[in-house]
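Note sheet for the following structure.
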Amino acid sequence: MNRIKTAIVGYGGMGAWHGEKLKTLDDIIEVTGTYDIKETRQEASKKAGFTPYPSFEAVLNDPALELVTIATPNDLHKPLAVQLMAAGKNVISEKPVTLCLSDLDEMIVAANKYGKLFTVHQNRRWDEDFLIAKKLVDENALGNAFRIESRVQGSRGIPGDWRNKKEFGGGMVLDWGVHLLDQMVMLKPDKKITSVYAELTYVTNEGVDDGCFITLTFEDGFKAFVEVGTSNFINLPRWYITGENGSAVITDWDLSGKITMVSDWEKRDAVPVATAAGLTKTMAPRTEETIKEYSLPKVTSDVRDYYRNICKVIRNGATPIVTHEQIRRVMKIMEAAFKSSETNTVVKEII
Ligand code: NAD
(Lines give C-alpha, C1' and ligand atoms only; values in the text may rest on other atoms or scores of the structure.)
Protein backbone atom coordinates (compact mmCIF):
# COMPACT_ATOMS: atom_id res chain seq x y z
CA MET A 1 0.00 0.00 0.00
CA ASN A 2 1.52 3.37 -0.86
CA ARG A 3 1.61 5.42 2.29
CA ILE A 4 -1.25 7.77 3.16
CA LYS A 5 0.04 11.32 3.39
CA THR A 6 -1.35 12.75 6.62
CA ALA A 7 -1.22 16.04 8.50
CA ILE A 8 -2.24 16.99 12.03
CA VAL A 9 -4.01 20.30 12.64
CA GLY A 10 -3.85 21.41 16.27
CA TYR A 11 -0.55 20.23 17.73
CA GLY A 12 -1.36 20.43 21.45
CA GLY A 13 -1.50 17.53 23.88
CA MET A 14 -3.57 15.23 21.69
CA GLY A 15 -2.06 16.38 18.39
CA ALA A 16 1.35 15.34 19.73
CA TRP A 17 -0.13 11.98 20.82
CA HIS A 18 -1.34 11.38 17.24
CA GLY A 19 2.10 12.37 15.93
CA GLU A 20 3.90 9.86 18.14
CA LYS A 21 1.45 7.04 17.35
CA LEU A 22 1.73 7.73 13.61
CA LYS A 23 5.53 7.46 13.79
CA THR A 24 4.97 3.79 14.70
CA LEU A 25 2.76 3.28 11.64
CA ASP A 26 5.25 4.62 9.11
CA ASP A 27 4.82 1.57 6.91
CA ILE A 28 1.31 2.79 5.98
CA ILE A 29 1.23 6.49 6.93
CA GLU A 30 3.58 9.37 6.22
CA VAL A 31 3.12 12.50 8.34
CA THR A 32 3.67 15.38 5.92
CA GLY A 33 3.50 17.97 8.69
CA THR A 34 1.49 19.61 11.43
CA TYR A 35 -0.11 23.00 11.90
CA ASP A 36 -0.87 24.95 15.08
CA ILE A 37 -1.70 28.62 15.54
CA LYS A 38 0.73 28.83 18.47
CA GLU A 39 4.37 29.40 17.59
CA THR A 40 5.43 27.37 20.65
CA ARG A 41 3.54 24.37 19.29
CA GLN A 42 5.06 24.84 15.82
CA GLU A 43 8.44 24.68 17.54
CA ALA A 44 7.40 21.61 19.56
CA SER A 45 6.44 19.90 16.32
CA LYS A 46 9.88 20.62 14.83
CA LYS A 47 11.51 19.21 17.96
CA ALA A 48 9.44 16.05 17.57
CA GLY A 49 10.83 15.65 14.05
CA PHE A 50 7.90 16.99 12.00
CA THR A 51 7.73 19.85 9.52
CA PRO A 52 5.16 22.44 10.50
CA TYR A 53 3.02 23.90 7.70
CA PRO A 54 3.30 27.71 7.76
CA SER A 55 -0.50 28.23 7.71
CA PHE A 56 -3.82 26.40 7.56
CA GLU A 57 -4.10 27.50 3.91
CA ALA A 58 -0.85 25.65 3.24
CA VAL A 59 -2.50 22.50 4.59
CA LEU A 60 -5.57 23.07 2.41
CA ASN A 61 -3.41 23.71 -0.67
CA ASP A 62 -1.01 20.78 -0.34
CA PRO A 63 -2.09 18.63 -3.30
CA ALA A 64 -0.27 15.53 -2.01
CA LEU A 65 -2.08 15.53 1.32
CA GLU A 66 -4.83 12.89 1.63
CA LEU A 67 -5.81 12.79 5.28
CA VAL A 68 -5.96 15.37 8.09
CA THR A 69 -6.50 14.70 11.79
CA ILE A 70 -8.07 17.67 13.58
CA ALA A 71 -7.00 17.98 17.24
CA THR A 72 -7.99 21.57 18.02
CA PRO A 73 -10.46 22.77 20.68
CA ASN A 74 -13.92 21.35 20.05
CA ASP A 75 -15.64 24.41 18.54
CA LEU A 76 -13.20 24.39 15.60
CA HIS A 77 -13.77 20.79 14.51
CA LYS A 78 -16.72 21.64 12.27
CA PRO A 79 -15.39 24.70 10.38
CA LEU A 80 -11.97 23.13 9.87
CA ALA A 81 -13.41 19.76 8.79
CA VAL A 82 -15.76 21.32 6.26
CA GLN A 83 -12.95 23.42 4.71
CA LEU A 84 -10.64 20.41 4.58
CA MET A 85 -13.21 18.17 2.91
CA ALA A 86 -14.00 20.94 0.40
CA ALA A 87 -10.27 21.00 -0.38
CA GLY A 88 -10.37 17.26 -1.10
CA LYS A 89 -8.96 15.91 2.15
CA ASN A 90 -10.23 12.96 4.15
CA VAL A 91 -10.84 13.99 7.76
CA ILE A 92 -10.54 12.49 11.22
CA SER A 93 -12.00 14.76 13.87
CA GLU A 94 -11.04 14.40 17.49
CA LYS A 95 -13.93 13.78 19.86
CA PRO A 96 -16.43 15.27 20.49
CA VAL A 97 -17.07 15.54 16.77
CA THR A 98 -18.74 18.93 17.32
CA LEU A 99 -21.10 20.65 19.75
CA CYS A 100 -24.58 19.69 18.50
CA LEU A 101 -26.46 17.41 16.10
CA SER A 102 -27.26 20.11 13.53
CA ASP A 103 -23.53 20.93 13.21
CA LEU A 104 -22.73 17.24 12.87
CA ASP A 105 -25.30 16.86 10.12
CA GLU A 106 -23.65 19.74 8.22
CA MET A 107 -20.35 17.87 8.48
CA ILE A 108 -21.95 14.68 7.15
CA VAL A 109 -23.55 16.61 4.27
CA ALA A 110 -20.08 18.00 3.40
CA ALA A 111 -18.56 14.49 3.53
CA ASN A 112 -21.21 13.21 1.12
CA LYS A 113 -20.96 16.28 -1.14
CA TYR A 114 -17.18 16.05 -1.51
CA GLY A 115 -17.05 12.24 -1.34
CA LYS A 116 -14.54 12.19 1.51
CA LEU A 117 -14.02 9.99 4.54
CA PHE A 118 -15.17 11.81 7.64
CA THR A 119 -14.93 10.04 10.97
CA VAL A 120 -14.17 10.58 14.65
CA HIS A 121 -11.32 9.42 16.85
CA GLN A 122 -13.28 7.32 19.38
CA ASN A 123 -10.08 5.71 20.62
CA ARG A 124 -11.49 4.53 23.93
CA ARG A 125 -13.18 1.67 22.11
CA TRP A 126 -9.71 0.09 22.39
CA ASP A 127 -9.42 0.58 26.16
CA GLU A 128 -8.88 -2.84 27.68
CA ASP A 129 -11.10 -2.13 30.70
CA PHE A 130 -13.98 -1.46 28.28
CA LEU A 131 -13.19 -4.58 26.24
CA ILE A 132 -13.28 -6.71 29.41
CA ALA A 133 -16.64 -5.21 30.42
CA LYS A 134 -17.99 -5.86 26.92
CA LYS A 135 -16.72 -9.44 26.92
CA LEU A 136 -18.45 -10.15 30.25
CA VAL A 137 -21.75 -8.78 28.92
CA ASP A 138 -21.47 -10.36 25.44
CA GLU A 139 -20.62 -13.80 26.84
CA ASN A 140 -23.27 -13.71 29.58
CA ALA A 141 -20.44 -14.41 32.02
CA LEU A 142 -22.48 -13.13 34.98
CA GLY A 143 -25.71 -14.70 33.81
CA ASN A 144 -27.98 -12.23 32.13
CA ALA A 145 -26.38 -8.84 32.90
CA PHE A 146 -28.98 -6.22 33.79
CA ARG A 147 -26.88 -3.22 34.86
CA ILE A 148 -23.51 -1.72 34.11
CA GLU A 149 -21.90 1.31 35.74
CA SER A 150 -18.97 3.17 34.19
CA ARG A 151 -17.16 5.91 36.06
CA VAL A 152 -14.21 8.19 35.57
CA GLN A 153 -13.39 10.38 38.54
CA GLY A 154 -10.78 13.04 39.17
CA SER A 155 -10.37 15.64 41.88
CA ARG A 156 -8.90 18.67 40.12
CA GLY A 157 -12.00 20.24 38.56
CA ILE A 158 -11.89 21.00 34.82
CA PRO A 159 -8.48 21.85 33.33
CA GLY A 160 -8.18 25.62 33.22
CA ASP A 161 -7.89 25.91 29.42
CA TRP A 162 -10.60 26.02 26.74
CA ARG A 163 -12.28 23.02 28.41
CA ASN A 164 -13.98 25.27 30.97
CA LYS A 165 -15.48 27.69 28.41
CA LYS A 166 -18.83 27.07 26.74
CA GLU A 167 -17.91 28.89 23.52
CA PHE A 168 -15.03 26.45 22.90
CA GLY A 169 -17.25 23.42 23.50
CA GLY A 170 -16.05 22.88 27.04
CA GLY A 171 -17.64 20.82 29.79
CA MET A 172 -17.26 17.25 30.89
CA VAL A 173 -20.19 15.73 28.98
CA LEU A 174 -18.50 16.74 25.72
CA ASP A 175 -15.03 15.92 27.02
CA TRP A 176 -15.33 12.60 28.86
CA GLY A 177 -19.05 11.81 28.63
CA VAL A 178 -18.65 11.36 24.89
CA HIS A 179 -16.12 8.54 25.42
CA LEU A 180 -18.22 6.73 28.03
CA LEU A 181 -21.42 7.09 26.01
CA ASP A 182 -19.71 5.88 22.83
CA GLN A 183 -18.55 2.81 24.78
CA MET A 184 -22.14 2.17 25.92
CA VAL A 185 -23.44 2.46 22.35
CA MET A 186 -20.78 -0.06 21.28
CA LEU A 187 -21.56 -2.35 24.22
CA LYS A 188 -24.92 -3.18 22.66
CA PRO A 189 -24.73 -1.73 19.15
CA ASP A 190 -27.85 -3.56 17.95
CA LYS A 191 -30.10 -2.47 20.80
CA LYS A 192 -31.91 0.85 20.72
CA ILE A 193 -31.83 3.21 23.68
CA THR A 194 -35.34 4.12 24.80
CA SER A 195 -34.71 6.73 27.50
CA VAL A 196 -32.04 9.04 28.89
CA TYR A 197 -31.97 10.61 32.35
CA ALA A 198 -29.13 12.94 33.31
CA GLU A 199 -27.96 15.18 36.10
CA LEU A 200 -25.09 17.53 35.29
CA THR A 201 -22.91 18.96 38.06
CA TYR A 202 -21.57 22.50 38.48
CA VAL A 203 -19.35 22.15 41.58
CA THR A 204 -16.31 24.08 40.36
CA ASN A 205 -17.73 25.79 37.28
CA GLU A 206 -20.87 27.66 36.32
CA GLY A 207 -20.54 28.11 32.56
CA VAL A 208 -20.11 24.45 31.72
CA ASP A 209 -20.78 21.16 33.49
CA ASP A 210 -17.89 19.73 35.49
CA GLY A 211 -19.41 16.26 35.66
CA CYS A 212 -22.49 14.20 34.99
CA PHE A 213 -24.57 11.20 36.00
CA ILE A 214 -26.38 9.69 33.00
CA THR A 215 -28.66 6.64 32.92
CA LEU A 216 -29.50 4.99 29.61
CA THR A 217 -32.26 2.40 29.31
CA PHE A 218 -31.94 -0.05 26.41
CA GLU A 219 -34.94 -1.61 24.67
CA ASP A 220 -34.26 -4.96 26.39
CA GLY A 221 -34.43 -3.29 29.82
CA PHE A 222 -30.64 -3.23 30.33
CA LYS A 223 -29.53 -0.12 32.24
CA ALA A 224 -26.23 1.64 31.65
CA PHE A 225 -25.06 4.29 34.09
CA VAL A 226 -22.26 6.70 33.25
CA GLU A 227 -20.59 9.06 35.71
CA VAL A 228 -17.94 11.71 35.09
CA GLY A 229 -16.69 13.46 38.21
CA THR A 230 -14.02 16.09 38.74
CA SER A 231 -14.46 16.62 42.50
CA ASN A 232 -13.95 13.05 43.73
CA PHE A 233 -11.22 12.55 46.31
CA ILE A 234 -12.03 8.85 46.73
CA ASN A 235 -12.74 6.95 43.53
CA LEU A 236 -15.41 4.32 42.98
CA PRO A 237 -14.52 1.43 40.65
CA ARG A 238 -14.08 2.20 36.95
CA TRP A 239 -16.73 -0.47 36.10
CA TYR A 240 -19.38 -2.36 38.06
CA ILE A 241 -21.46 -4.95 36.23
CA THR A 242 -24.11 -7.11 37.71
CA GLY A 243 -26.05 -10.04 36.33
CA GLU A 244 -28.47 -12.66 37.57
CA ASN A 245 -25.70 -15.00 38.82
CA GLY A 246 -22.76 -12.77 39.58
CA SER A 247 -21.13 -9.35 39.72
CA ALA A 248 -17.87 -7.98 38.41
CA VAL A 249 -15.72 -5.04 39.38
CA ILE A 250 -13.00 -3.55 37.20
CA THR A 251 -11.34 -1.30 39.70
CA ASP A 252 -9.14 0.83 37.55
CA TRP A 253 -7.32 1.31 34.24
CA ASP A 254 -4.69 -1.06 35.63
CA LEU A 255 -7.34 -3.79 35.02
CA SER A 256 -7.41 -4.93 38.64
CA GLY A 257 -10.73 -6.33 39.79
CA LYS A 258 -12.65 -9.56 40.21
CA ILE A 259 -15.75 -11.55 39.39
CA THR A 260 -17.89 -13.07 42.10
CA MET A 261 -20.38 -15.77 41.03
CA VAL A 262 -22.98 -17.58 43.02
CA SER A 263 -22.12 -21.28 43.20
CA ASP A 264 -25.19 -22.48 45.04
CA TRP A 265 -28.39 -20.47 44.65
CA GLU A 266 -30.33 -22.79 46.94
CA LYS A 267 -28.18 -22.18 50.00
CA ARG A 268 -29.63 -18.89 51.05
CA ASP A 269 -29.21 -19.16 54.77
CA ALA A 270 -27.42 -16.14 56.10
CA VAL A 271 -26.04 -15.17 59.44
CA PRO A 272 -27.80 -11.92 60.25
CA VAL A 273 -25.61 -8.86 60.46
CA ALA A 274 -26.18 -6.77 63.54
CA THR A 275 -26.02 -3.08 62.74
CA ALA A 276 -26.22 -0.36 65.40
CA ALA A 277 -29.97 -0.16 65.09
CA GLY A 278 -31.08 -3.61 63.99
CA LEU A 279 -30.49 -6.91 62.21
CA THR A 280 -30.46 -7.76 58.52
CA LYS A 281 -30.34 -11.08 56.72
CA THR A 282 -31.12 -9.67 53.28
CA MET A 283 -27.96 -7.58 53.20
CA ALA A 284 -25.73 -10.06 55.04
CA PRO A 285 -22.64 -11.16 53.09
CA ARG A 286 -22.79 -14.58 51.44
CA THR A 287 -21.09 -17.48 53.12
CA GLU A 288 -17.95 -18.67 51.37
CA GLU A 289 -19.31 -22.04 50.24
CA THR A 290 -22.06 -20.37 48.17
CA ILE A 291 -19.84 -18.11 46.08
CA LYS A 292 -16.77 -18.42 43.89
CA GLU A 293 -14.31 -15.72 42.90
CA TYR A 294 -12.63 -15.49 39.50
CA SER A 295 -10.05 -13.24 37.88
CA LEU A 296 -11.11 -10.92 35.11
CA PRO A 297 -10.63 -12.30 31.60
CA LYS A 298 -7.61 -11.12 29.62
CA VAL A 299 -8.05 -9.07 26.47
CA THR A 300 -5.55 -7.46 24.17
CA SER A 301 -5.95 -4.45 21.94
CA ASP A 302 -3.93 -2.08 19.80
CA VAL A 303 -5.36 1.42 19.39
CA ARG A 304 -3.36 1.78 16.17
CA ASP A 305 -5.97 -0.49 14.56
CA TYR A 306 -8.00 2.72 14.33
CA TYR A 307 -5.54 4.20 11.80
CA ARG A 308 -5.00 0.83 10.10
CA ASN A 309 -8.74 0.79 9.38
CA ILE A 310 -8.65 4.39 8.10
CA CYS A 311 -5.94 3.42 5.59
CA LYS A 312 -8.06 0.50 4.37
CA VAL A 313 -11.08 2.80 4.01
CA ILE A 314 -9.10 5.26 1.88
CA ARG A 315 -7.20 2.71 -0.21
CA ASN A 316 -9.63 -0.22 -0.44
CA GLY A 317 -13.07 1.22 0.30
CA ALA A 318 -13.42 -0.64 3.62
CA THR A 319 -16.09 0.52 6.10
CA PRO A 320 -14.87 2.92 8.80
CA ILE A 321 -14.91 1.43 12.31
CA VAL A 322 -16.50 4.65 13.61
CA THR A 323 -19.54 5.25 11.38
CA HIS A 324 -21.72 8.32 10.86
CA GLU A 325 -24.66 6.44 12.37
CA GLN A 326 -22.74 5.69 15.58
CA ILE A 327 -21.47 9.26 15.82
CA ARG A 328 -25.04 10.57 15.39
CA ARG A 329 -26.35 8.22 18.10
CA VAL A 330 -23.77 9.44 20.61
CA MET A 331 -24.52 13.08 19.74
CA LYS A 332 -28.26 12.45 20.15
CA ILE A 333 -27.65 10.89 23.58
CA MET A 334 -25.59 13.92 24.65
CA GLU A 335 -28.35 16.28 23.47
CA ALA A 336 -30.93 14.20 25.34
CA ALA A 337 -28.71 14.33 28.45
CA PHE A 338 -28.49 18.14 28.29
CA LYS A 339 -32.27 18.34 27.86
CA SER A 340 -32.93 15.86 30.68
CA SER A 341 -30.69 17.77 33.07
CA GLU A 342 -32.21 21.15 32.17
CA THR A 343 -35.80 19.95 32.53
CA ASN A 344 -35.22 17.39 35.30
CA THR A 345 -37.13 14.80 33.27
CA VAL A 346 -36.55 11.45 31.66
CA VAL A 347 -36.16 12.01 27.91
CA LYS A 348 -38.05 9.21 26.20
CA GLU A 349 -36.56 9.15 22.75
CA ILE A 350 -35.65 6.14 20.62
CA ILE A 351 -31.95 6.51 19.87
P1 NAD B 1 -4.74 21.39 23.68
O2 NAD B 1 -5.24 22.71 24.17
O3 NAD B 1 -3.59 20.74 24.34
O4 NAD B 1 -4.40 21.50 22.12
C5 NAD B 1 -5.20 22.19 21.19
C6 NAD B 1 -4.25 22.85 20.22
O7 NAD B 1 -5.02 23.41 19.14
C8 NAD B 1 -3.47 24.01 20.85
O9 NAD B 1 -2.07 23.80 20.69
C10 NAD B 1 -3.95 25.23 20.09
O11 NAD B 1 -2.95 26.22 19.90
C12 NAD B 1 -4.36 24.62 18.77
N13 NAD B 1 -5.27 25.45 17.98
C14 NAD B 1 -6.26 26.27 18.41
N15 NAD B 1 -6.87 26.85 17.34
C16 NAD B 1 -6.26 26.36 16.24
C17 NAD B 1 -6.45 26.57 14.84
N18 NAD B 1 -7.40 27.40 14.36
N19 NAD B 1 -5.64 25.92 13.98
C20 NAD B 1 -4.65 25.09 14.43
N21 NAD B 1 -4.42 24.86 15.75
C22 NAD B 1 -5.23 25.49 16.64
O23 NAD B 1 -6.02 20.43 23.71
P24 NAD B 1 -5.99 18.85 23.60
O25 NAD B 1 -6.12 18.27 24.93
O26 NAD B 1 -4.90 18.42 22.71
O27 NAD B 1 -7.40 18.60 22.86
C28 NAD B 1 -7.53 18.80 21.48
C29 NAD B 1 -8.69 17.96 20.96
O30 NAD B 1 -8.40 16.59 21.21
C31 NAD B 1 -10.02 18.23 21.63
O32 NAD B 1 -11.06 18.11 20.72
C33 NAD B 1 -10.12 17.16 22.70
O34 NAD B 1 -11.44 16.84 23.04
C35 NAD B 1 -9.44 16.01 22.00
N36 NAD B 1 -8.83 15.03 22.90
C37 NAD B 1 -9.07 13.73 22.66
C38 NAD B 1 -8.53 12.77 23.49
C39 NAD B 1 -8.81 11.34 23.19
O40 NAD B 1 -8.44 10.47 23.98
N41 NAD B 1 -9.43 11.04 22.07
C42 NAD B 1 -7.73 13.13 24.57
C43 NAD B 1 -7.47 14.48 24.78
C44 NAD B 1 -8.03 15.43 23.93
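The values are calculated or read from the model by the stated rules, or taken from the named source; none is laboratory data. Only a predicted model underlies this, so the values are computations on that prediction, with no experimental measurement involved. No Cβ is skipped: glycine too gets one built from the backbone with ideal geometry, and neighbour counts run over all protein chains shown.
Can you name the residue in segment 27-40 that is within 10 Å of the ligand (Cβ to nearest atom) and in a loop (DSSP other than H, G, I, E, B) and, of all such residues, is surrounded by the most Cβ atoms within 10 Å (Cβ to Cβ)? Among those that are within 10 Å of the ligand (Cβ to nearest atom) and in a loop (DSSP other than H, G, I, E, B), it is 36. Filtering segment 200-223 to residues that are outside any strand (DSSP E or B) and of a type in the set (A, V, I, L, M, F, W, C) leaves 203, 208, 222. Of all the residues in segment 164-175, those that are without any contact (Cβ under 8 Å) to a residue 60 or more places away in the chain, outside any loop (DSSP other than H, G, I, E, B) and surrounded by fewer than 22 Cβ atoms within 10 Å (Cβ to Cβ) number 2. With respect to residue 219, determine if the residue is surrounded by fewer than 17 Cβ atoms within 10 Å (Cβ to Cβ), at pLDDT below 95 and of a type in the set (Asp, Glu). Taking the combined requirement at face value, the residue does not satisfy it. Taking every residue in segment 5-16 that is over 10 Å from residue 35 (Cα atoms) and pairing it with any residue that is modelled with pLDDT of 95 or more and more than 6 Å from the ligand (Cβ to nearest atom), at least 6 positions away or on another chain, the pairs with Cβ-Cβ distances below 6 Å are 5/30; 5/32; 5/64; 5/65; 5/66; 6/29; 6/31; 6/67. For segment 46-74, taking the residues that are touching a residue at least 40 places away in the same chain (Cβ under 8 Å) and touching an Asp or Glu at 6+ places or on another chain (Cβ under 9 Å), the one that is farthest from residue 20 (Cα to Cα) is identified as 74. Restricting 119, 98 to those that are part of a strand (DSSP E or B) and either within 16 Å of the ligand (Cβ to nearest atom) or not assigned by TED's automatic domain parsing to the domain that holds residue 251 (or both) reduces the list to 119. Each residue in segment 58-81 was checked for being more than 13 Å from the ligand (Cβ to nearest atom) and within 23 Å of the chain's Cα centre (by Cα), and 1 of them qualify.
Being modelled with pLDDT of 90 or more and farther than 28 Å from residue 201 by Cα is a condition met by at least one residue of segment 230-244.
Here's a check for you: in segment 150-190, which residue that is on the phi > 0 side of the Ramachandran plot and more than 15 Å from the chain's Cα centre (by Cα) is nearest to the ligand (Cβ to nearest atom)? This residue is 169. For segment 185-209, which residues satisfy the criterion of being closer than 21 Å to residue 74 by Cβ, in contact with a strand residue (DSSP E or B) (Cβ under 7 Å, 6 or more places away or on another chain) and surrounded by fewer than 24 Cβ atoms within 10 Å (Cβ to Cβ)? Correct list: 200, 201.
Put simply, of 249, 262, 346 the only residue that is of a type in the set (Val, Ile, Thr), modelled with pLDDT of 95 or more and in contact with a Lys or Arg (Cβ under 8 Å, 6 or more places away or on another chain) is 249.
Among the conditions (1) within 23 Å of the chain's Cα centre (by Cα); (2) loosely packed, with under 11 Cβ neighbours inside 10 Å; (3) under 30 Å from residue 5 (Cβ atoms), the only one that residue 316 does not satisfy is (1).
Here is a check on your reading of the model: is residue 136 on the phi < 0 side of the Ramachandran plot and within 15 Å of the ligand (Cβ to nearest atom)?
So residue 136 does not fit the description; no.
Here residue 43 meets each of (1) more than 11 Å from the ligand (Cβ to nearest atom); (2) in contact (Cβ under 8 Å) with a residue 24 or more places away in the chain with one exception, condition (2).
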